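Each remark here refers to the structure printed beneath this line.
The values are calculated or read from the model by the stated rules, or taken from the named source; none is laboratory data. The structure displayed is predicted, hence computed values, not measured ones. Quick reminder, even Gly has a Cβ in these numbers, built from the backbone with ideal geometry, and neighbours come from all protein chains shown.
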Amino acid sequence: MVSCRSIMDSDSAAVVATASRVESVDELAELLRHLRRRQARRRGEPPLTYRELAGRTGWSHGSIGGYLTGKIVPPADRFDELVQLLDVAPEELGALADARDRVEEHTRADARDRVEEHTRTDARDRVEEHTRADEPGPAAQAADPSVPHQLPAAPDAFTGRAAAITRLDAAVSGAPGVGPGGGTVVVIGTAGVGKTALAVHWAHRVIERFPDGQLYVNLRGFGAGAEVTADEALRAFLTALGVAPDQVPAELDARIGLFRSLLTGRRVLVVLDNAAHAEQVRPLLPGGSGSLALVTSRNQLAGLVATDSAVPVTLDLLTAGETRRLFATRIGAARVEAEPAAVDAIAATCARLPLALVIVAARAAAHPDLPLGVLAHELRTERVLHDAGVRPVFDWSYQRLSAPAATLFRRLSLAPGPDVGRDAAAALLGEVHGEPAGAWRALAELTHASLLTEHAPGRFVAHDLLRAYAAELSGTLDDPADRDAATVRLLEHSLHTAHTAALLLDPHRTPLPGLPAAATPGTEAQALAWFAVEHHTLLAAVREAAATGHDGHAWRLAWTLVDHLDRRGHWPDLLAAQRVALASARRAGDAAGEAVSAHQLGRACIRMGDYDAATTHLELALDRYGHVGDDAGRARAHGNLGFIADRQARPRDAIGHLLRSLDLLRATGDQAGQGSALANLGWLYAASGEHREALDHCHQALELQQRIGDRTGEAYSWDSVGFIHHQLGEHEPAVECYRQALQLWREIGDRYGESETQTHLGDLHRAAGADAEARACWLAALTILEDLGHPDADQVRARVA
């Protein structure tokens, strides 16, 4: 550990020297804390608190704490702003920035090492499990070993609620009427009373009691948009527990049974937030005594209490003491002790609802010299409605926003998905070119006013009451044309960024015409990370575009999602998005869009194993591609039809489709497509016993793929050449080809491709009488296929048996 204690306050050279030795996030945080103390000594003032730093930057209190305690490496732009805020000398800036970059790279390398070690350990465990296949084991071993951690971040400065926490603690201590660590507890209370904050705070408090994982879902029972159904929530839970998307049962009863079977013998905390009714919750209850369901709702959910023995915990309004502690936590005990009557008056105006009180406390914190009595007077005299509650406080807080912040607040109600990023907010505000400084300042203002929460760096979310309030304001105050223009700008932003990211995932895809490249993301890794963050928002954007008549945006956005959803195994989402896309293209009378969407819908059906539906959609795509003269599209559709024919044991039909595909690809000059078609033809000829013809096609494919740098295609080709040598009885050349393929699969991170080659290599060893080597290869393939939940696992499992 690099110590900062020896740095002399006036010696910038010492700071530079210390920064040059920083290697870990803890050391970087210690250096930042030293700079914070140094600034305070130079100014003769106490060090800036986390809340003061949050107020000056617009970042969340939790983010500041993460940066200064070594939990989070600050993003580059935030790090630069933070060190400048701490009065860092110009000669120190470069060394500090280098230290941050070095720590970030070390952190990434450590993360990669941990992932690789987990993968290796899991593979060894699977090998041992299959080796002991005839030995009995505990029931828990049948479940996937993945442990989900889905809880949102713990709320900042949580205070009060002692009685409710005591009641919740009984849920894990086996108190009478609650159960020994299992069962169901329902937190009930009015809107804005703090149910979610309590549930998440308590869940983090007892997280060690549930070592097998924590599941969380916002059921959106009272917020904007459609409720989350039990079907949808179960699919998400099963995926988090390690079930491959294509292995999730179609029927609700089967999903419930699988979910409860996976939790048998495990201790999992299931948080079901914002539930509307018992029917939405009941299928999601874990069932066994080891796991606990924690439900929040504005309704009584009497059916759960009466039928499912759920224990109700009613959350009342804050007491006078709790209200004062809440204010003291946010603005300091001295101000509260100086004006206790003003705090009580504020609490009465806010109906002692935490959501309203936090908004008022945020204004008090932003104006430390403003007497609390003045705030109390403003609330009493300026509120729009006569009754107490959150709406008057919303009005009061909204009226004090700057014009850009007020506009952005209203327009955020137009954003699909659960949250919004900074750049999307800039698009809503109209800052689609240049630096989105105005939008970022507006976000900081809204966050500081507690009208938004930055729940993750650069991601903002509003309470559902605030979002509904913003939607009401927008519908009343904004011109419909302005609202539609903002929606279009947001869809355009999403489409341009997603299009750029999609081409980074697959540079050989034919770009959509007329779409300029976005500035970010710039690498494949950044594209993967961006899609992971925006996943739900983009799916919601597809639906929203279709629902609001922006059909062209709908099918194009769905197109951009194909590779992300396919790689991650989100095939039901892929299927749903492409169905919306095809309907949108048809409504718009866009034959090109219909061709593309039908093609991608066919591919989604292939992934789901529905070859008949896939054939129907692909034949429609062929027709539409022909109508618009897109020979490259026709070629790709023929390639997919060839894949289906091969899977249905129709090799001559498959060869016919691929030959037509190859002719079209040569005519269009698509070299990557030609390489893929040649390799697939080689495989099919080999399977038909035409080995010399097969080798000729595969070697042509390899030459082309190596020339254009198509590593995925090259891996497939090496695998096919290895298979052909195997068929010809040429063991050593086959082994070398398979090893070439395995190296490429691992470099590009294609686990399914690696499993195929491991299976083929195992077949080769078995044919040569090397049973131990064959078994090792098959088990390696089986480990991957079981992780992916791929149906090919059954065939490999049979080989092992």
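Of the residues making up the stretch 684-733, those that are among the hydroxyl-bearing types (Ser, Thr, Tyr) and closer than 16 Å to THR759 by Cα are TYR716, SER717, SER720. Scanning the stretch 134-159 for residues that are modelled with pLDDT of 50 or more and within 28 Å of GLY265 (Cα to Cα) yields SER146, VAL147, PRO148, HIS149, GLN150, LEU151, PRO152, ALA153, ALA154.
Scanning the stretch 231-260 for residues that are within 16 Å of GLN214 (Cα to Cα), among the small types (Gly, Ala, Ser) and not in a loop (DSSP other than H, G, I, E, B) yields a total of 3. Of everything in the stretch 285-307, what is surrounded by fewer than 21 Cβ atoms within 10 Å (Cβ to Cβ) and more than 12 Å from GLY221 (Cα to Cα)? Give them in sequence order. Answer for the stretch 285-307, where residues must be surrounded by fewer than 21 Cβ atoms within 10 Å (Cβ to Cβ) and more than 12 Å from GLY221 (Cα to Cα): GLY287, GLY288, SER289, GLY290, GLN300, ALA302, GLY303, VAL305, ALA306, THR307. Of all residues in the stretch 630-648, those that are of a type outside the set (Gly, Ala, Ser), over 22 Å from LEU582 (Cβ atoms) and either crowded, with 18+ Cβ neighbours inside 10 Å or modelled with pLDDT of 95 or more (or both) total 1.
Within the stretch 345-361, the residues that satisfy the criterion of being within 16 Å of PHE394 (Cβ to Cβ) and part of a helix (DSSP H, G or I) are ILE346, THR349, PRO354, LEU355, ALA356, LEU357, VAL358, ILE359, VAL360, ALA361. Using the structure shown, decide if ALA558 is under 30 Å from GLN648 (Cα atoms), among the hydrophobic types (A, V, I, L, M, F, W, C) and in contact with a Phe, Trp or Tyr (Cβ under 7 Å, 6 or more places away or on another chain). In short, no. Exactly one residue out of ALA341, ALA366, ALA406, ALA362 is modelled with pLDDT of 90 or more, closer than 20 Å to ARG56 by Cα and not basic (Lys, Arg), and it is ALA406. Exactly one residue out of ALA598, ALA614, ALA621, ALA588 is crowded, with 16+ Cβ neighbours inside 10 Å and either touching a Phe, Trp or Tyr at 6+ places or on another chain (Cβ under 8 Å) or more than 16 Å from LEU641 (Cα to Cα) (or both): that is ALA588.
Counting only residues that are outside any helix (DSSP H, G or I), at pLDDT below 80 and surrounded by 17 or more Cβ atoms within 10 Å (Cβ to Cβ), the stretch 160-207 holds 4 of them. Considering only the stretch 34-53, state which residues are hydroxyl-bearing (Ser, Thr, Tyr) and part of a helix (DSSP H, G or I). Scanning the stretch 34-53 gives a single hit, TYR50. Among the residues of the stretch 23-36, those identified as touching a Ser or Thr at 6+ places or on another chain (Cβ under 7 Å) and either farther than 18 Å from LEU82 by Cα or at pLDDT below 85 (or both) are VAL25, ALA29.
Of the numbered criteria (1) surrounded by 19 or more Cβ atoms within 10 Å (Cβ to Cβ); (2) closer than 24 Å to ALA170 by Cα, the one VAL358 fails is (2). Within the stretch 731-740, the presence of a residue that is touching a residue at least 24 places away in the same chain (Cβ under 8 Å), in contact with a Lys or Arg (Cβ under 9 Å, 6 or more places away or on another chain), surrounded by 18 or more Cβ atoms within 10 Å (Cβ to Cβ) and assigned to a helix (DSSP H, G or I) is excluded.
Residue-wise test of (1) at pLDDT below 90; (2) closer than 17 Å to VAL596 by Cβ.
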site: VAL628; (1), (2): no, yes
site: ARG650; (1), (2): yes, no
site: ASP670; (1), (2): yes, yes
site: ALA687; (1), (2): yes, no
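Condition check: closer than 27 Å to HIS564 by Cα, touching a residue at least 60 places away in the same chain (Cβ under 8 Å) and not basic (Lys, Arg). Does GLU786 satisfy that? For GLU786, the condition - closer than 27 Å to HIS564 by Cα, touching a residue at least 60 places away in the same chain (Cβ under 8 Å) and not basic (Lys, Arg) - is met.
Of all the residues in the stretch 216-227, those that are modelled with pLDDT of 85 or more and either touching a Leu at 6+ places or on another chain (Cβ under 7 Å) or within 18 Å of ARG167 (Cα to Cα) (or both) number 3. Checked against the criterion of being without any contact (Cβ under 8 Å) to a residue 12 or more places away in the chain, part of a helix (DSSP H, G or I) and aliphatic (A, V, I, L, M), the candidates ALA364, ALA406, ALA376, ALA342 yield just one match: ALA406.
Consider SER720 carefully, then state whether it is touching a Gly at 6+ places or on another chain (Cβ under 8 Å) and free of Cβ contacts under 8 Å to residues at least 60 places away in the same chain. Yes, satisfied. Which numbered condition in (1) closer than 30 Å to ALA197 by Cβ; (2) surrounded by fewer than 20 Cβ atoms within 10 Å (Cβ to Cβ); (3) not hydroxyl-bearing (Ser, Thr, Tyr) is the only one that PRO249 fails? In the conditions (1) closer than 30 Å to ALA197 by Cβ; (2) surrounded by fewer than 20 Cβ atoms within 10 Å (Cβ to Cβ); (3) not hydroxyl-bearing (Ser, Thr, Tyr), PRO249 misses (1) alone.
For (1) touching an Asp or Glu at 6+ places or on another chain (Cβ under 9 Å); (2) at pLDDT 80 or above, each residue gets a yes or a no:
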{"residue": "VAL2", "(1), (2)": "yes, no"}
{"residue": "ILE7", "(1), (2)": "no, no"}
{"residue": "ASP11", "(1), (2)": "no, no"}
{"residue": "ARG21", "(1), (2)": "yes, yes"}
{"residue": "SER60", "(1), (2)": "yes, no"}
{"residue": "ASP77", "(1), (2)": "no, no"}
{"residue": "GLU91", "(1), (2)": "no, yes"}
{"residue": "ALA95", "(1), (2)": "no, yes"}
{"residue": "ASP98", "(1), (2)": "no, yes"}
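Is it the case, given these coordinates, that HIS536 is out of contact with any helix residue (DSSP H, G or I) (no Cβ under 7 Å at 6 or more places or on another chain) and on the phi < 0 side of the Ramachandran plot? Yes.
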